[in-house]
Amino acid sequence: MSVKSKISMRAALIALASCAAGSALAKPALSVPPKFTQIVTFNGSNGAFPIAPLTFDGNGALYGSTSQGGIADEGVIFKLTMPGRRPHPMVLRTAA
């Protein structure tokens, strides 16, 4: 079997696997659009322009980062907790 045939066979197998997985995942169980609620506003001192996905810890706190804001306006790393169902953002580290 030539290199070209091996590459074509590999591509075909990947395409088949993708189609099989896609057909099972293509139809959601519920067709309700997600509802998002803003829970925090960044004001510059606690960060600005959040970037990257948020990360949860074992206690339910969220960790994230911003590209701007903080002391030097170069971004912050923050922790967000929800004591009593009220958001409490805390700057852990500011870029300098």
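See the values below:
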item	result
Search result, residues across region 74-96 that are at positive phi and exposed (fewer than 13 other Cβ atoms within 10 Å of the Cβ)	Gly84, Arg85
Members of region 35-51 that are surrounded by fewer than 10 Cβ atoms within 10 Å (Cβ to Cβ) and either touching a residue at least 24 places away in the same chain (Cβ under 8 Å) or within 22 Å of Ala95 (Cα to Cα) (or both)	Thr41
Residues of region 67-96 classified as in contact with an Asp or Glu (Cβ under 9 Å, 6 or more places away or on another chain), more than 17 Å from Pro53 (Cα to Cα) and either at pLDDT 90 or above or in a strand (DSSP E or B) (or both), total	1
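The values are calculated or read from the model by the stated rules, or taken from the named source; none is laboratory data. Small disclaimer: the values here were computed from a predicted structure and weren't measured. Positions of Cβ are backbone-derived with ideal geometry, glycine not excepted, and every protein chain shown enters the neighbour counts.
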